[in-house]
Protein chains: 2
Amino acid sequence: MSLLVVGSVAFDDLETPAGKRVNILGGSASYFSLAASRLHPVQVVAVVGEDFGPDQYRVFQDRPIDLSGLIRKPGRSFHWKGQYGQDLNEATTLETHLNVFADFHPELPEPYRAASCLFLGNIDPVLQLDVVRQMSVRPRWIALDTMNFWINGAREALLEVLREVDILLINEAEGRTLTGERNLLDVYRQVKTLGPRILVVKRGEYGVALFTPQGHFLAPAFLLEQVVDPTGAGDTFAGGFMGFLASAPDTDLETLKRATLMGTVMASFTVEQFGTSGMQALTDNALHGRLDAMHDLIHVAAR
Amino acid sequence: MSLLVVGSVAFDDLETPAGKRVNILGGSASYFSLAASRLHPVQVVAVVGEDFGPDQYRVFQDRPIDLSGLIRKPGRSFHWKGQYGQDLNEATTLETHLNVFADFHPELPEPYRAASCLFLGNIDPVLQLDVVRQMSVRPRWIALDTMNFWINGAREALLEVLREVDILLINEAEGRTLTGERNLLDVYRQVKTLGPRILVVKRGEYGVALFTPQGHFLAPAFLLEQVVDPTGAGDTFAGGFMGFLASAPDTDLETLKRATLMGTVMASFTVEQFGTSGMQALTDNALHGRLDAMHDLIHVAAR
């Protein structure tokens, strides 16, 4: 039983109303693995450059995160520079430097190929499909995240990999772009025709909507005193969600609901600090305390 | 034990992506009383013109709605013309004709003055305060709705009436305008200093956030196949919410949570049809079926 993630490991320059940070650790696979590894061992497939050194490796050590699939190549790591306005809902990309990521061809170490859960982070769908094809056993869960850039620019490849996917995680606006539907129930019906039988719609500060053949679930975001930096919220959610699924014996609706709350709570710690600081500082006490608080926030006695 | 509402009874011209309607029954007191009267008798204070005739009175008859405080004056009724774009989140006001509403001075019939619950619909805060002062007994619950027009244009009067209020119901953006805070926990802290100890933040398609000294509650909006016309959603919510509180023996957090779900479900029927058609057509079976479905949508077993 293992949980495999393919995605980016990167450096970010971030500017939000709360401040600025330059050259901090980022990337979908970073957020994902730091969150998921609280719940289940994680195997990472990604590429970094020579600027990725001991300070960065140290963030992942002492955790059940297998970095044997994290390849270090000559050159610089993927670098993203983004800015958020007052409402924090959407990042403006100021600069994107793919660097070593431009030639990324994920190659799974042999032990990775039998992973029971696979998360395809938001990268080129051609690479996502390549990873799926390298698996020696069909994982119990394959989940995929994507974005408008691929929906609009690599639609055919995206549709091809979606046919292999169980769970699509996507932003509300991106779900509408992908399907051409506005109503979320219509979005879900369309998504099912594309392959995934489960849909997780990420609604930012308004939480998450989970759609499954057995029923749906609406979870608000956790109420926070301050949101500092939304970067990585979606990937942290995915890490908590998939980490929970990988460690759970069941695959039923109740399990998916609990995975949704776990992802929601994990993401709440990420957005309270810049970059991966929230995930790095997270204690088991804080995690379980907030899970209880989250249950209180949404609980009402049965009728 | 009675529930008193002061607000508008009006005619609306509406245009949404789903179609157009002219001269249909609207106004905060109409939506409120049609919803609340499913749960508790309602007394209405409002003013209409000579164009308000048998067809309009018929909508309220055969329900426990006391219209002895609905005054008919020479002239025409309040008339609002509004338009919604594709996202349905905000109405553009095309025309507002106050007509007889311009000289509205609510005067409570004697039996109304001992009402145990009072809802101050979104009208001039000077009039809202006037109604509060006419009460012979302090109601158990006084709730108030308002909007940016009064927050910006009649702030002093609004602050004066807020000091008398237990529950403020307000849109997310309006709550931010009123308090100058962006974070909802900060908005709530500020609102408490103004008078209301309970805050209901209406978030449109994302549901409602309830803040109380005993704890908070986040409820999503019900998942609908189609939203036809959002007009009256907030007043319908208020009707379900206050109708539930008026009929409940308790005033604790659990009661407020259930009132929130009742308001949410009531509002879901309003937005499925134009104007008050959803409230007019609502059956007890449909209401209870959707309350059950709402519980399923948010329920997760305790940890």
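The values are calculated or read from the model by the stated rules, or taken from the named source; none is laboratory data. Computed from a predicted structure; not experimentally measured. Don't worry about glycine lacking a Cβ; one is built from the backbone with ideal geometry, like all the others, and counts go over all protein chains shown. Heads up: the accessible areas ignore ligands, DNA and RNA and are worked out on the full protein's heavy atoms, side chains in. Shrake-Rupley method; radii C 1.70, N 1.55, O 1.52, S 1.80 Å.
I'd like to check something: does the stretch A:217-225 contain any residue that is within 11 Å of chain B (Cβ to nearest Cβ), modelled with pLDDT of 95 or more and within 25 Å of residue A:164 (Cα to Cα)?
Yes, the stretch A:217-225 contains a residue that is within 11 Å of chain B (Cβ to nearest Cβ), modelled with pLDDT of 95 or more and within 25 Å of residue A:164 (Cα to Cα).
Which residues, taken from the stretch B:12-32, are of a type in the set (A, V, I, L, M, F, W, C) and either closer than 20 Å to residue B:125 by Cβ or open to solvent by 10 Å² or more (accessible area, probe 1.4 Å) (or both)?
Result: B:18, B:22, B:24, B:25, B:29, B:32.
Counting only residues that are open to solvent by less than 20 Å² (accessible area, probe 1.4 Å) and within 13 Å of another protein chain (Cβ to nearest Cβ), which one in the stretch B:157-184 is farthest from residue B:232 (Cα to Cα)?
Per the criteria, the residue is B:184.
Identify, from the list A:229, A:250, A:235, the residue that is acidic (Asp, Glu) and under 13 Å from residue A:143 (Cα atoms).
Among A:229, A:250, A:235, only A:235 is acidic (Asp, Glu) and under 13 Å from residue A:143 (Cα atoms).
Is it true that some residue in the stretch B:187-200 is more than 14 Å from chain A (Cβ to nearest Cβ), of a type in the set (A, V, I, L, M), closer than 27 Å to residue B:137 by Cβ and open to solvent by 30 Å² or more (accessible area, probe 1.4 Å)?
Scanning the stretch B:187-200, I find at least one residue that is more than 14 Å from chain A (Cβ to nearest Cβ), of a type in the set (A, V, I, L, M), closer than 27 Å to residue B:137 by Cβ and open to solvent by 30 Å² or more (accessible area, probe 1.4 Å), so the answer is yes.
Of all residues being outside any strand (DSSP E or B) and under 18 Å from the mean Cα position of the chain (by Cα) in the stretch A:145-156, which is nearest to the other protein chains (Cβ to nearest Cβ)? Just the residue, please.
Among them, the one singled out is A:148.
Anything in the stretch B:6-24 that is assigned to a strand (DSSP E or B) and among the aliphatic types (A, V, I, L, M)? List them, or say none.
Within the stretch B:6-24, B:6, B:10, B:14, B:22, B:24 meet the criteria.
Tell me, yes or no, whether the stretch A:247-256 has at least one residue that is more than 14 Å from chain B (Cβ to nearest Cβ), among the aliphatic types (A, V, I, L, M) and in contact with a helix residue (DSSP H, G or I) (Cβ under 8 Å, 6 or more places away or on another chain).
The answer is no; no qualifying residue exists.
Just to be sure before I move on: is residue B:282 closer than 19 Å to residue B:3 by Cβ and either within 12 Å of chain A (Cβ to nearest Cβ) or among the hydrophobic types (A, V, I, L, M, F, W, C) (or both) in the structure I sent?
yes
Determine which single condition residue A:144 fails, assuming it passes every other condition in (1) open to solvent by 20 Å² or more (accessible area, probe 1.4 Å); (2) at pLDDT 95 or above.
(1)
Filtering the stretch B:122-136 down to residues that are among the polar types (S, T, N, Q) and open to solvent by 10 Å² or more (accessible area, probe 1.4 Å), which residue is farthest from residue B:29 (Cα to Cα)?
B:136
Would you mind stating whether residue A:294 is more than 14 Å from chain B (Cβ to nearest Cβ), in a helix (DSSP H, G or I) and surrounded by 22 or more Cβ atoms within 10 Å (Cβ to Cβ)?
Answer is no for this residue.
Looking only at the stretch A:226-243, count every residue that is within 12 Å of another protein chain (Cβ to nearest Cβ) and in contact with a helix residue (DSSP H, G or I) (Cβ under 8 Å, 6 or more places away or on another chain) and tell me the total.
Total meeting the criteria: 2.
Among the residues of the stretch A:123-174, write down those that are over 30 Å from residue A:92 (Cα atoms) and touching a residue at least 12 places away in the same chain (Cβ under 8 Å).
A:132, A:134, A:135, A:136, A:137, A:139, A:140, A:141, A:163, A:164, A:166
So that you can scan it fast, the table gives a plain yes or no per residue for (1) at pLDDT 95 or above; (2) under 27 Å from residue B:13 (Cα atoms); (3) within 14 Å of chain A (Cβ to nearest Cβ):
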residue: B:214; (1), (2), (3): yes, no, yes
residue: B:258; (1), (2), (3): yes, no, yes
residue: B:268; (1), (2), (3): yes, yes, yes
residue: B:273; (1), (2), (3): yes, yes, no
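Can you tell me how many residues in the stretch A:43-68 are touching a Ser or Thr at 6+ places or on another chain (Cβ under 6 Å) and among the hydroxyl-bearing types (Ser, Thr, Tyr)?
0
Can you find a residue in the stretch A:75-82 that is farther than 25 Å from residue A:265 by Cβ, in contact (Cβ under 8 Å) with a residue 12 or more places away in the chain and basic (Lys, Arg)?
Scanning the stretch A:75-82 turns up at least one residue that is farther than 25 Å from residue A:265 by Cβ, in contact (Cβ under 8 Å) with a residue 12 or more places away in the chain and basic (Lys, Arg).
If a residue has to be open to solvent by 10 Å² or more (accessible area, probe 1.4 Å), farther than 28 Å from residue B:140 by Cα and in contact with a strand residue (DSSP E or B) (Cβ under 7 Å, 6 or more places away or on another chain) to count, how many in the stretch B:253-291 make the cut?
Count: 1.
Collect the residues in the stretch A:168-185 that are in contact with a helix residue (DSSP H, G or I) (Cβ under 7 Å, 6 or more places away or on another chain) and under 23 Å from residue B:272 (Cα atoms), keeping them in residue-number order.
Listed by number, the residues that qualify are A:175, A:176, A:179, A:181, A:182.
Can you name every residue in the stretch B:221-251 that is crowded, with 23+ Cβ neighbours inside 10 Å and over 19 Å from residue B:278 (Cβ atoms)?
Once the filter is applied, which keeps residues that are crowded, with 23+ Cβ neighbours inside 10 Å and over 19 Å from residue B:278 (Cβ atoms), the stretch B:221-251 yields B:245, B:246.
Kindly provide the set of residues from the stretch B:15-47 that are hydrophobic (A, V, I, L, M, F, W, C) and farther than 16 Å from residue B:77 by Cα, ordered by number.
B:18, B:32, B:34, B:35, B:36, B:39, B:42
Confirm whether residue A:135 is over 23 Å from residue A:98 (Cβ atoms) and away from chain B (no Cβ under 14 Å).
yes
When the residues of the stretch B:204-220 are narrowed to those that are open to solvent by 30 Å² or more (accessible area, probe 1.4 Å) and free of Cβ contacts under 8 Å to residues at least 40 places away in the same chain, which ends up nearest to residue B:92 (Cα to Cα)?
Applying the filter and picking the extreme gives B:206.
For the stretch B:57-121, give me every one of the strands (runs of 3 or more DSSP E) that falls completely inside it and has 2 or more residues that are open to solvent by less than 60 Å² (accessible area, probe 1.4 Å) and either touching a strand residue (DSSP E or B) at 6+ places or on another chain (Cβ under 7 Å) or at positive phi (or both).
The strands (runs of 3 or more DSSP E) meeting that bar are B:65-72, B:78-84, B:117-120.
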